[in-house]
Amino acid sequence: MTKIWIKTLAAIILIGLLIAFPKVMGVLNTNIFIGFAIMALFAVSLNLMLGYTGLLSFGHAMFFGLGAYTTALSLKHIDNLPISMALLLGVLGAVVCAVIVSPLLVRLSGTAFSMLTLAFGQLMYIVCLKFREVTGGADGLGGFPVPDLKIPFTGGIDMTDPVNFYYFAITVLGGCILLIWRFTKTPIGSVMISIRDNDNRVDYLGFHVPSVKSLVFIVSGGFAGAAGAIYALFQNMVSTDGVLGLFTSFNPIIMTIIGGVSSFTGPIIGAGLLTILEEFLLRYTDRIALFNGLVLILMIKFAPGGIMGIWDGVYRKWFKRRTLS
Amino acid sequence: MDATTAMYVGQIMHGLAYGMLLFLVASGLTLIFGMMGILNLAHASFFMLSAYFCVSVIHMGGNFWLALLAAPIITAVIGVMVERFLLRGIHASGHIGELILTVGVMMVIMEAVQVFWGTDSHMISVPSALAGMVNIFGLQYPLYRLFVIFLALAILGLLVLFLFKTKMGMIIRAGVSDAEMVEALGINMPLVFMMVFAAGTWLAGVAGVAISPLLSVFPGMADQMGMDAFVVVVVGGFGSLLGAFVSALFFGLLNSFGIQFLPRIAPVLMFVFMVLVLSFKPKGLFGERE
C-alpha cells in the first residue's frame, strides 16, 4: 500500500516540477529541456530495440528524419492542417517506412542487422540529400507554418510561444514515453526480452520471432517518428544533416549506453546527462563529439551497464535488505 | 583517339585508381571482420589519421616517400593500441559492445584530428618524380594516378602471397573460417588478431597517404571512403578478399561514371545495391560467412 502512495506522490511531484519548469527556469532553459525531452523519447524508442530486444540499429535516424520531414512537408503543402494531424502524419510516415523495411530486417540479428539498418539509414540520407526539389537538400526545409493548437470550446493556443509549445511538447513526449513503458509491460514486452536472451528458445516455445521483432521495430520506429515530428515543430527547420545524418543515429545510442541499456529509465538519464554535458562544454569548446566519444569508450570499457548499472550494483551492495545472512 | 573514347578511357582509369584505393581500405576492413567478427566503424578514421600523419611528416621536412613509409606504420601502431587496450577486453561480451566502441573510437579520431591539425584542408603536392603526365595510347594521363594503381596492385600481390604462401597466412585464413577452432589447436589467437588489426590499419593508412595528393587532407575526407569501403565489404562478402577486390573495382567505376552521367542517382544506386545484396544474399556475393 505504501508503495503505491510513494509512487503517486512521486508522479505528482514530477508533474508539478514539469509544470513549474518554464516559470522558474526561463525561456532558454525551457528550450533546452524540450531538446532533452525529444532526445529522451528518441533514445527510449531506440532502447526498445537495443536494450529490450538486443538489436542494435545504426539507422534509427531514418525514422526520426522521416517523422520530421513528413511533418514539415505536410505543414508546408497542406493549408490549414491542424498541428495534431501534422504530428500524426509524421508518425504515420515513420510507421509506413518501418513496415516497408521490416521484412528485410527481421530475419537478421547481431552485426548483420546493424549493418542493414546502417545501409537503410544512409540510403534515406542520400535520397533526401539528392532530391532537393522536395526536401531542400543540405539547406533543409524551414519556415513552414506552425499552426495553433485547437482545443474545443477555447480559442487556438499559439504554438510559436515557447512556453505554450513546451506544455504541448512535454505532454506529447511524456505521453509517448508512458505508452512505451506500458508496451514493455505487455506480454509482447516479455517476449522481446526473451528474444534478446535466447531467440532459439523463444522459437521453440512457439513464438514467431520475426513477427515479434517486426512489431518491435515498427513500434520503435513510430515513436522515433513522433520525436522527429516534435523536433520539426520545435526547430521549425529540418535538414538532412540535422535529422538524418549518421550522428543523429549515434546520439541516442550514446545516450542509451551512458544511461544504461538494461533499464527503461537509462536512456532518459543518459539524454539528460548528455544534454547537461553539452550545455556545459559549449561554453568552452566546440568539440563536443570528442567528449561524447571519450565518454562512450569509457562507459563501454568500464561500465557496460551504464549509470543505471552502476546504481544497481551500489543499491544491491548497500541498500538491499538481505534476507539470507 | 577521339574525344569520346578518350573521355571513356580517362573515366575508366579514374575509376580504377579510386577502386584500387577503395580496395586497400576495404581489404583491411574485410580481414578484420572475417577474423574477429568486428565491423570496425573506425576503419576509415584510420585512413584519415594516416593522411594527417602524412601532412605532419611533410611539415617536419620529410618528403612524400618518407610519409608513405612512416605514416601508415604510425597509424598501425595506434590501431594496435586500440585493439590491445580497448577492443580485446570486451571481445567476450558480444559484438554490440564492440560495434559501439568502434563508433566511439571513430568520433574521437574525427574530433582529435580537428584539434591537432585544425579544420582547414591541407594540400599535399604530388612528388616531383610523379608530377608529369604520361601518354597512354594517345591519352594524356596523370602519372601519379597510374602510380596509385600500381602501388595498390603491388600491395595486393604481396597480400595474396602472404595469405596463400606463408604459414602465418594459412593461420589467418583458417582464423577467418573458424577462429575458435584455430585457437583450440594451440595458436595464440589474440596475437594473430592484433597482427591482423595492425595489417588492416596499415593498409588503410597506405590508402590514406596515397589519396592525399589527389583529394587534399580535410576533416571530412573519411566520410565518403568510409561508406564506400563499408558497401564494398558488404557486397563483396565479409572476409572475402576476392570479393572485396571485385566489388571495390566495380564501385570505383560506378563512382567515376556515376559522377559523369548520373550525378544524382549514382550514390543512391550504391546503397540500393547494398540493400539488395544484404537482403537476398546476406553473405555477400563472394562471402562464405554471415
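The values are calculated or read from the model by the stated rules, or taken from the named source; none is laboratory data. Since we're looking at a predicted model, the values are computed, not measured. Every residue, glycine among them, receives a Cβ derived from its backbone with ideal geometry; neighbour counts consider all protein chains shown. Heads up: the accessible areas ignore ligands, DNA and RNA and are worked out on the full protein's heavy atoms, side chains in. Shrake-Rupley method; radii C 1.70, N 1.55, O 1.52, S 1.80 Å.
Send over the Kirkwood Rh of chain A, from the inverse of the averaged 1/r over different Cα pairs, rounded to one decimal Å. Intermediate values should be presented prior to the final figure.
Working: mean 1/r = 0.0484 Å⁻¹.
This gives a value of 20.6 Å.
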Worksheet item: Quick one: if the Förster radius is 51 Å, what FRET efficiency do B:V160 and A:I100 give, using the C-beta to C-beta distance and rounding to 0.05?
Response: 0.75
Practice prompt. For a label point 7 Å from the Cα of A:D148 along Cα→C-beta, name the residues of region A:61-86 whose backbone N is under 17 Å from it.
Written response: A:80-85
Worksheet item: Under DSSP H, which helices of chain A have Cα atoms covering 27 Å or more of the helix axis and a Kyte-Doolittle average no less than 0.5?
Response: A:2-47, A:83-105, A:110-130, A:162-185, A:209-235
Worksheet, complete the sentence: Restricting to aspartates and glutamates and to Cα separations under 13 Å from B:K281, and discarding same-chain partners fewer than 8 apart, the set is B:E290
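Could you quote the convex hull projected area for region A:13-94, Cα atoms only and averaged over all directions, in nm²?
Seen from a random direction, the Cα hull of region A:13-94 projects 7.4 nm² on average.
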Worksheet item: Excluding ligands and nucleic acids, what accessible area in Å² is computed for B:H59 using a 1.4 Å probe, to the nearest 10?
Response: 140
Practice prompt. Over every pair of different alpha-carbon atoms in region A:192-325, take the mean of 1/r and invert it; report that Kirkwood radius in Å.
Written response: 17.6
Worksheet item: What pairs in A:K7/A:K301; A:K213/B:K283; A:K301/B:K283; A:K7/A:K150; B:K167/B:K283 have C-alpha atoms more than 23 Å from each other?
Response: A:K7/A:K301; A:K301/B:K283; A:K7/A:K150; B:K167/B:K283
Response to the item:
Computed from the beta carbon distance with a Förster radius of 22 Å, FRET efficiency for A:W318 and A:L178 to the nearest 0.05 stands at 0.10
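B:A174 to B:R88: extension gain in nm, 0.36 nm per residue of separation minus the Cα-Cα distance? Mind showing how you got there, number by number?
Details: separation 86, 0.36 × 86 = 30.96 nm, distance 1.99 nm.
Gain in length upon complete extension: 29.0 nm.
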Practice prompt. Starting from the Cα of A:D241, step 7 Å toward the Cβ, then list every residue of region B:245-283 with an amide N under 11 Å from that point.
Written response: none
Worksheet entry | On Cα atoms only, tilt of B:64-81 relative to the major axis of chain B in degrees | 20
Discussion item. Inside 10 Å of the C-beta atoms of B:267-277, what's the mean count of C-beta atoms belonging to other chains?
Written reply: 5
Fill in: Inter-part distance where region A:211-283 and region A:24-51 are each reduced to a Cα centre, Å
7
Worksheet item: Which part of region B:255-290 falls in the paramagnetic zone of B:L214, meaning amide N under 15 Å from the point 7 Å along Cα-to-beta-carbon?
Response: B:255-260
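Using the beta-carbon distance between A:I12 and A:V163 and R0 = 35 Å, what value does 1/(1 + (r/R0)^6) give for FRET efficiency, to the nearest 0.05? Let's see the in-between values first.
Working: r = 21 Å, r/R0 = 0.61.
Using R0 = 35 Å, I get an efficiency of 0.95.
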Item to complete: Using only atoms on other chains, find how many Cβ atoms lie within 10 Å of each Cβ of peptide A:28-41 and report the average.
Response: 0
Response to the item:
So A:H208 and A:I310, fully extended at 0.36 nm per residue minus their Cα-Cα distance, gain in nm 33.3 nm
Response to the item:
Partner shielding of A:292-302, taken as the mean number of other chain Cβ atoms within 10 Å, equals 6
Discussion item. Testing the spin-label approximation: label points 7 Å from Cα along Cα→Cβ at A:N198 and B:L66. State their distance in nm.
Written reply: 6.2
Fill in: Per-peptide average of other Cβ atoms within 10 Å, ordering A:234-241, B:205-212 highest first
B:205-212, A:234-241
Response to the item:
Beyond 23 Å, the calculated P(r) of region B:3-280 holds a percent of Cα-Cα pairs equal to 53
Response to the item:
In degrees rounded to 10, the 0-90 angle between helix B:221-236 Cα long axis and the longest Cα principal axis of chain B is 60
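What's the longest uninterrupted piece of chain A once you rule out the trypsin sites (Lys or Arg not before Pro) that are loop residues per DSSP with at most 16 other Cβ within 10 Å?
Numbers: sites that count: A:R107, A:R283, A:R287, A:K320, A:R321, A:R322.
Answer - A:108-282.
Evaluated at 4 °C with a viscosity of 1.567 mPa s, what Stokes-Einstein diffusion coefficient in µm²/s does the protein assembly as shown have when Rh comes from the Kirkwood expression over alpha-carbon pairs?
Result for D is 50 µm²/s.
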Discussion item. Angle check, please: helix B:3-36 long axis (alpha carbons) against the longest principal axis of chain B (alpha carbons), in degrees 0 to 90, nearest 10.
Written reply: 10
Discussion item. For region B:1-154, place one equal point scatterer on every Cα, skip the solvent, and apply the Debye formula. What is log10 of I(q)/I(0) at q = 0.08, 0.10, 0.12 Å⁻¹?
Written reply: -0.31, -0.48, -0.66
